[in-house]
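Colleague: The following block contains the structure, expressed as structure tokens.
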Amino acid sequence: MCYFKCVPDAQKENMVRQLKLRQVGGSVGATLPKDMAERLNLGAGDRVLAVETDQGILLSPYDPTVEKALAIAAKAAKKYRNALRQLAK
């Protein structure tokens, strides 16, 4: 779901931003710059999916289909973890 590789170089500089994490109650939150939120059509109260990857965290607009697919993949990975470990060798 990362669209970074197919974006012209001139637009990439606007897509990569350093964000500061802040304490929000018992959690930690990040604030998106206004222009980035507008470009992604995100606003206060919108939901996003946070996916941990080998390269960091991928934030993606919330899509119930993607969330369901990730849950199925996690369940399958847990169930077949030994077979997957052998295949990875």
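The values are calculated or read from the model by the stated rules, or taken from the named source; none is laboratory data. Only a predicted model underlies this, so the values are computations on that prediction, with no experimental measurement involved. No Cβ is skipped: glycine too gets one built from the backbone with ideal geometry, and neighbour counts run over all protein chains shown.
Colleague: Is it true that Ala69 is within 17 Å of the chain's Cα centre (by Cα) and small (Gly, Ala, Ser)?
Modeller: yes
Colleague: Please verify whether Asp63 is modelled with pLDDT of 90 or more and surrounded by 10 or more Cβ atoms within 10 Å (Cβ to Cβ), treating the condition exactly as stated.
Modeller: no
Colleague: Return yes or no: is Arg22 surrounded by 10 or more Cβ atoms within 10 Å (Cβ to Cβ) and either modelled with pLDDT under 90 or within 14 Å of the chain's Cα centre (by Cα) (or both)?
Modeller: no
Colleague: Does Gly45 satisfy being farther than 24 Å from Ala71 by Cα and either exposed (fewer than 10 other Cβ atoms within 10 Å of the Cβ) or not aliphatic (A, V, I, L, M) (or both)?
Modeller: no
Colleague: Right, here's the next one. Report the residue count in the stretch 34-87 for those that are β-branched (Val, Ile, Thr) and within 19 Å of Met15 (Cα to Cα).
Modeller: Number of matching residues: 4.
Colleague: Can you pull out the residues in the stretch 54-87 that are of a type in the set (Phe, Trp, Tyr) and in a strand (DSSP E or B)?
Modeller: none
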